[in-house]
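Here the structure is laid out as structure tokens; the discussion comes afterwards.
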Amino acid sequence: MTATSTPVGEHTNRESISPEHNPLGLSGIEFIEYATSKPQALGQVLEMMGWRPVARHRSREVLLYRQGDMNVIINAHASGLPHALNPTDKPVIAALGLRVRDAAKAYHRALELGAWGVPTHVEVMELNIPAIHGVGSSRIYFIDRVRDFSIYDVDFVPIPSVEAHPSALAGFHFFGLVQYIGNDRLLDWMEFYRELLGFEALASTERFGILPKGRIMKSPCNTFFLQLIEPEPGVLALEEEERFQRMALGCEDVPAATALLGQRGVEFAAMQGAKDASGDAPSSAGALTRTWLSGVSFELVSTAKRVPA
């Protein structure tokens with residue numbers, strides 16, 4: 001994903017964004033969920049990246065990990081629902097939870113615009129969270145932004161003697177998701193996110209992080225991005241389905257963050273430097289971790305303000 005002159009989350013008043021531009025009252029990512037049959041192995045990777053297990057699901061093999069305001073769910077529970085993404089050895093991003101002004105209204109609006117609703121099977125003491133089908137077999141959940149309690153208060157039991165809200169390493173926060181798409185599907189997916197969720201496509205010259213590919217779309221709340229990447233020209237994307245490929249984490253000082261993660265055993269496959277405003281000392285625009293478990297990686301993206309040359 002280069003950093004813009006105004007980093008993510010620095011708009012002055014989120015509530016001032018008009019309904020015309022933010023029809024769902026979207027206000028960021030509530031959680032990202034992985035499905036895997038090897039939750040302990042993925043949990044070890046998340047802990048190296050700074051997350052901590054803070055709660056277990058009451059009735060399913062599901063764990064909640066957290067650092068700062070970033071919630072990551074590891075789901076190892078096999079679902080009996082049709083078209084559900086059941087866990088396999090290779091972890092995949094199975095769901096994206098979005099904070100919205102009114103979850104029920106957001107869900108029904110999405111259905112009216114042609115989204116496919118996800119059937120739910122709610123057990124005793126579980127919340128019914130509305131969702132639509134996303135890329136591949138993934139789901140997009142709508143979470144009420146303003147409540148007297150969080151969704152985790154009902155479905156999860158805190159792990160004893162564990163800090164419920166551990167601080168984020170290096171000021172990490174959700175920057176966005178990278179999505180792999182099929183040949184000639186870019187316009188379809190851009191329309192999907194624009195019509196259903198209110199995303200806006202950035203200029204084709206705007207880039208973030210280390211991989212200047214695809215097209216980037218900005219959430220209507222200005223808090224995260226989606227990067228849509230097609231196959232290389234002349235390559236047929238037949239071997240794998242479209243999917244969320246990885247998450248991107250924002251931070252102000254990428255070199256400091258990579259050094260800190262390196263001390264925790266994280267290895268990096270690539271880094272990219274960008275000259276500062278003086279044109280002298282290079283500072284890192286981003287970094288990409290090595291790949292774990294045949295498909296899990298994380299991208300770091302600099303959100304430090306950079307003055308255009």
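The numbers here are math on the coordinates, done by the rules we state, and not lab data. Bear in mind the structure is a predicted one, so any value in this text is a computation, not a measurement. As a convention, Cβ positions derive from the backbone with ideal geometry for all residues, glycine included, and neighbour counts pool all protein chains shown.
For this structure, a couple of remarks:
- Rounded D (µm²/s) - segment 169-302, Kirkwood Rh over Cα pairs, Stokes-Einstein at 20 °C, 1.002 mPa s: 134
- Principal semi-axes in Å for segment 175-238 [√(5λ), Cα gyration tensor, largest first]: 20, 14, 9
- Where labels lie 7 Å past Cα in the beta-carbon direction, separation of H165 and H77 in nm: 2.6
- Residue order, fewest to most beta carbons within 10 Å, for Y141, Y34: Y141, Y34
- 3J(HN,Hα) along segment 203-211: 4, 5, 8, 7, 9, 9, x, 10, 10 Hz, from the Karplus curve 6.51 cos²θ - 1.76 cosθ + 1.60 with θ = phi - 60°, whole Hz, x for Gly and Pro.
- Here the contact order of segment 169-302, divided by its residue count and restricted to Cα pairs under 8 Å and six or more residues apart, works out to 30 percent.
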